[in-house]
Amino acid sequence: MKVIVDNKIPYIKGIVEKIADEVVYLPGNAFTVQEMKDADALIIRTRTLCNRALLEGSKVKFIATATIGYDHIDTNYCREASIVWTNCPGCNASSVEQYVHSVLLLLKREKGLQLKEATLGVVGVGHVGSKVAAMAEALGMKVLRNDPPREDEGEAGFVRLQTIARECDVITFHTPLNREGKYKTYHLANEEFFQSLERIPYLINSSRGEVVDTPALLSALEQGKVRDAIIDTWEKEPDIDLDLLRKAFIATPHIAGYSADGKANATRMALEALCRFFGKQVEFEVNPPALPEKNYSEDEEIAFLEVYNPKRDSEWLKAEPEKFEWFRGNYPLRRELF
């Protein structure tokens, strides 16, 4: 069995070799037709576009993406070509929760947002959105949840997007990217959405860049319809909008889910799926390294930000936006200690 692996997937070297006969490591954007010809399986991230152009005529039978999202996989072509694929739902949910938690603390400490008097709108209440909602309620915030697919299945407790726009002081997006269909999320936050806002909210996007219409958001910021923006996922990554980069309160290079814990979860889930598909029984553990010893503040909020403060990542990106991909590929160790 030959497996081609994205060379930025952490904690996988030395383990996948126990499963496969041959392992080739490549940069995510360097998977070529030639390399695919005799490969049996791929373990990828978002930078590898798996479609007909890449896979037709190859031996590939299985694809695991070590990510929650899978819009980089042409699922229709995979079905046509009898290629089985899998993603890692929920793998980095706690990591994104940590990111949003830190952002909320920064809004409190630096922008004066009174969390216990504020309403948070969570758009998309899956693995990530559910954790974010529970965390915000633990902070004392009122939380409104929006998830049309779950609501249509008969679940209670959800509100319409119009209610989010009308009543929320902070709005955070956690939807998949659906470009078409009943549950389309492409440019869900568009000009019409921004014009309907009533509370001048803070906007957080750590889902997919295309969920937010960038020109519409910039216009909303200029018009004072949005108080400030926290952007982790961008349209046209890595060629991000420099105007939005300058205007955003926090601007990070798609790393909300990049805790070592989340990465380890994704790697383990991808390897387990590989073993299941090929009928392998291999025992392994995927564990992230520990953080260096440090004395943390007795103030719980300060200590939380000492563990992870997204302003650090924002300062790096704002200083050198051309290194967007480098920051992602060389992201420092981050743990979820709380």
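The values are calculated or read from the model by the stated rules, or taken from the named source; none is laboratory data. Please read these numbers as outputs of a predicted model, since none were measured by experiment. Ideal geometry is used to build each Cβ from the backbone, glycine not excepted, and the neighbour counts take in all protein chains shown.
Could you please give the count of residues in region 177-204 that are in a loop (DSSP other than H, G, I, E, B) and in contact with an Asp or Glu (Cβ under 7 Å, 6 or more places away or on another chain)? If you could, list the steps in order and put the result at the bottom.
So the first thing to find is which residues in region 177-204 are in a loop (DSSP other than H, G, I, E, B), and the list is 177-188, 190, 196-201.
Now drop any that are not in contact with an Asp or Glu (Cβ under 7 Å, 6 or more places away or on another chain), which leaves 177, 186-187, 190, 199, 201.
Number satisfying all stated conditions: 6.
Check ASP232, ASP228, ASP313, ASP239 and return the single one that is within 17 Å of GLU336 (Cα to Cα), within 24 Å of the chain's Cα centre (by Cα) and modelled with pLDDT of 95 or more. Please lay out each step first, then the result.
Working: ASP232 fails: within 17 Å of GLU336 (Cα to Cα); ASP228 fails: within 17 Å of GLU336 (Cα to Cα); ASP239 fails: within 17 Å of GLU336 (Cα to Cα).
That would be ASP313, the only listed residue that is within 17 Å of GLU336 (Cα to Cα), within 24 Å of the chain's Cα centre (by Cα) and modelled with pLDDT of 95 or more.
Could you count how many residues in region 102-132 are hydrophobic (A, V, I, L, M, F, W, C) and touching a residue at least 60 places away in the same chain (Cβ under 8 Å)?
The qualifying residues number 8.
Please specify each residue of region 274-309 satisfying the condition of being over 30 Å from MET1 (Cα atoms), in contact (Cβ under 8 Å) with a residue 24 or more places away in the chain and of a type in the set (Phe, Trp, Tyr).
PHE304, TYR308
Given ALA266, ALA260, which one is touching a Ser or Thr at 6+ places or on another chain (Cβ under 7 Å), buried (at least 19 other Cβ atoms within 10 Å of the Cβ), at pLDDT 95 or above and closer than 30 Å to MET1 by Cβ?
Working: ALA260 fails: touching a Ser or Thr at 6+ places or on another chain (Cβ under 7 Å).
Checking each option against the conditions leaves just ALA266.
Pairs only if they're at least six apart or on different chains, beta carbon under 8 angstrom, first in region 133-154 and polar (S, T, N, Q), second surrounded by fewer than 21 Cβ atoms within 10 Å (Cβ to Cβ); list them, first residue then second.
Cβ pairs passing all conditions: ASN146/PHE158; ASN146/VAL159; ASN146/ARG160; ASN146/LEU161; ASN146/THR163.
For every residue, the table says whether it meets (1) assigned by TED's automatic domain parsing to the domain that holds LEU104; (2) in a helix (DSSP H, G or I).
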{"position": "TRP234", "(1), (2)": "yes, no"}
{"position": "GLU237", "(1), (2)": "yes, no"}
{"position": "ARG246", "(1), (2)": "yes, yes"}
{"position": "ALA273", "(1), (2)": "no, yes"}
{"position": "GLU306", "(1), (2)": "no, yes"}
{"position": "TRP316", "(1), (2)": "no, yes"}
{"position": "ARG328", "(1), (2)": "no, yes"}
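Testing PHE249 on (1) farther than 29 Å from ASN29 by Cβ; (2) in contact with a helix residue (DSSP H, G or I) (Cβ under 7 Å, 6 or more places away or on another chain); (3) among the aromatic types (Phe, Trp, Tyr), one condition comes back false. Which one is that?
Failing condition for PHE249: (2).
Can you give me the number of residues within region 167-187 that are within 16 Å of ARG150 (Cβ to Cβ) and among the hydrophobic types (A, V, I, L, M, F, W, C)?
Result for region 167-187: 1.
Looking only at region 180-207, filter to residues that are at pLDDT 95 or above and charged (D, E, K, R); which one of those is nearest to GLY129 (Cα to Cα)? Outline the logic, then answer.
Keep residues of region 180-207 that are at pLDDT 95 or above, which gives 181-207.
Okay, now just the ones that are also charged (D, E, K, R), so 182, 184, 191-192, 198-199.
Details: LYS182: 20, LYS184: 17, GLU191: 23, GLU192: 23, GLU198: 23, ARG199: 21 Å.
Step by step, filter region 180-207, then rank; the result is LYS184.
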